[in-house]
Amino acid sequence: MNVEWKDWFWRVWENNRRLTDRVAQAFMDAGAMDQTPVPGMRPFRKLLLEVWGIEQVYARGFALEDWRWEFLPESYGTCAIEEAMAVGASVREETRRLWPMISAESLTEARPTPFPGHPEGGGIEWLTYALENEIHHRGQGYVYLRLLGKEPPAFYLRTDSKEGNL
């Protein structure tokens, strides 16, 4: 079976985002999006803002060669959680719109880093970093939820189906 990396990665990323969204919903249901159950760690909302910010930069960069690092406004750290979640949904919609514009070739090219301190490499490495960062922060969310006495969503439910098959 010959699977193109870009298509495969997109399916994995979408499935992971659905799971991250389920974790965020669990935080919203618990009224805990801004709690820090472990001193010195960031609340889950701030972790989501980081995930969305990285996604936004990479999608625009690879699709439009627009590599400006624009952090999401700080107001999203204190606004109504529904507003913040709408921002995350709009970032994802923008990525869905831009994804077809990204060539598979552009993801395999070695390129200089557009950001200080960012490793040099290519699109595959950078997108893998973005996904691993999301998974890492979602894992923190699982720990936070358990520390708050809340049951996190099943980690294997990544699709829209109830079975959770990938």
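When residues of segment 85-107 are filtered for being more than 21 Å from N16 (Cβ to Cβ) and either free of Cβ contacts under 8 Å to residues at least 12 places away in the same chain or surrounded by fewer than 13 Cβ atoms within 10 Å (Cβ to Cβ) (or both), how many remain?
The first filter runs over segment 85-107 and keeps only residues more than 21 Å from N16 (Cβ to Cβ), leaving 101, 103, 105-106.
Still in the list and also either free of Cβ contacts under 8 Å to residues at least 12 places away in the same chain or surrounded by fewer than 13 Cβ atoms within 10 Å (Cβ to Cβ) (or both): 101, 103, 105.
Total meeting the criteria: 3.
Just a yes or no: is a residue in segment 55-75 of a type in the set (S, T, Y), at pLDDT below 90 and farther than 25 Å from G149 by Cβ? Let's see the steps before the verdict.
Within segment 55-75, the subset of a type in the set (S, T, Y) is 58, 75.
Next cut, at pLDDT below 90 only: 75.
If we keep only those that are farther than 25 Å from G149 by Cβ too, we end up with 75.
Among the residues of segment 55-75, at least one is of a type in the set (S, T, Y), at pLDDT below 90 and farther than 25 Å from G149 by Cβ, which makes the answer yes.
Tell me yes or no: at least one residue of segment 124-135 is more than 16 Å from the chain's Cα centre (by Cα) and among the β-branched types (V, I, T).
Initial filter on segment 124-135 (more than 16 Å from the chain's Cα centre (by Cα)): none.
Checking segment 124-135: not a single residue is more than 16 Å from the chain's Cα centre (by Cα) and among the β-branched types (V, I, T).
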Discussion item. Checking K6 against (1) within 23 Å of G139 (Cβ to Cβ); (2) in contact (Cβ under 8 Å) with a residue 60 or more places away in the chain; (3) surrounded by 13 or more Cβ atoms within 10 Å (Cβ to Cβ); (4) not acidic (D, E), only one condition comes out false. Which one?
Written reply: (1)
Practice prompt. Quick one: in segment 140-156, of everything that is of a type in the set (A, V, I, L, M) and surrounded by 15 or more Cβ atoms within 10 Å (Cβ to Cβ), which residue is farthest from R45 (Cα to Cα)?
Written response: L148
Response to the item:
Within segment 9-59, restricting to residues that are part of a helix (DSSP H, G or I) and of a type in the set (V, I, T), the one that is nearest to G141 (Cα to Cα) is V23
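Would you call F62 farther than 26 Å from V143 by Cβ and surrounded by fewer than 15 Cβ atoms within 10 Å (Cβ to Cβ)? Let's see the steps before the verdict.
Numbers: farther than 26 Å from V143 by Cβ: yes; surrounded by fewer than 15 Cβ atoms within 10 Å (Cβ to Cβ): no.
Considered against the rule, which asks whether it is farther than 26 Å from V143 by Cβ and surrounded by fewer than 15 Cβ atoms within 10 Å (Cβ to Cβ), F62 comes out as no.
Restricted to segment 91-123, and to residues that are hydroxyl-bearing (S, T, Y) and over 15 Å from the mean Cα position of the chain (by Cα), which residue is modelled with the highest pLDDT? Step through it out loud before you land on a result.
Of all residues in segment 91-123, those hydroxyl-bearing (S, T, Y) come to 95, 103, 106, 108, 113.
Still in the list and also over 15 Å from the mean Cα position of the chain (by Cα): 103, 106, 108, 113.
Numbers: S103: 92, S106: 87, T108: 87, T113: 78.
Result: S103.
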Worksheet item: Scanning segment 9-26 for residues that are of a type in the set (A, V, I, L, M, F, W, C) and in contact with a Pro (Cβ under 9 Å, 6 or more places away or on another chain), which turns out surrounded by the most Cβ atoms within 10 Å (Cβ to Cβ)?
Response: V23
Worksheet, complete the sentence: Within segment 54-84, the residues that are of a type in the set (G, A, S) and in contact (Cβ under 8 Å) with a residue 24 or more places away in the chain are A59, G61, A63, G77, A84
Discussion item. Within segment 124-136, take every residue that is surrounded by fewer than 16 Cβ atoms within 10 Å (Cβ to Cβ) and charged (D, E, K, R) and give me the one that is modelled with the lowest pLDDT.
Written reply: E125
Worksheet item: Can you tell me how many residues in segment 108-126 are without any contact (Cβ under 8 Å) to a residue 24 or more places away in the chain and aliphatic (A, V, I, L, M)?
Response: 1
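Could you check, for segment 75-82, whether at least one of its residues is charged (D, E, K, R), in a loop (DSSP other than H, G, I, E, B) and surrounded by fewer than 16 Cβ atoms within 10 Å (Cβ to Cβ)?
Narrowing segment 75-82 to residues charged (D, E, K, R): 82.
Adding the requirement that they be in a loop (DSSP other than H, G, I, E, B) leaves none.
Checked segment 75-82: no residue is charged (D, E, K, R), in a loop (DSSP other than H, G, I, E, B) and surrounded by fewer than 16 Cβ atoms within 10 Å (Cβ to Cβ).
The values are calculated or read from the model by the stated rules, or taken from the named source; none is laboratory data. Computed from a prediction, not measured in an experiment: that's the story for all the values here. Note that each Cβ is placed from the backbone with ideal geometry, even for glycine, and that neighbours are counted across all protein chains shown.
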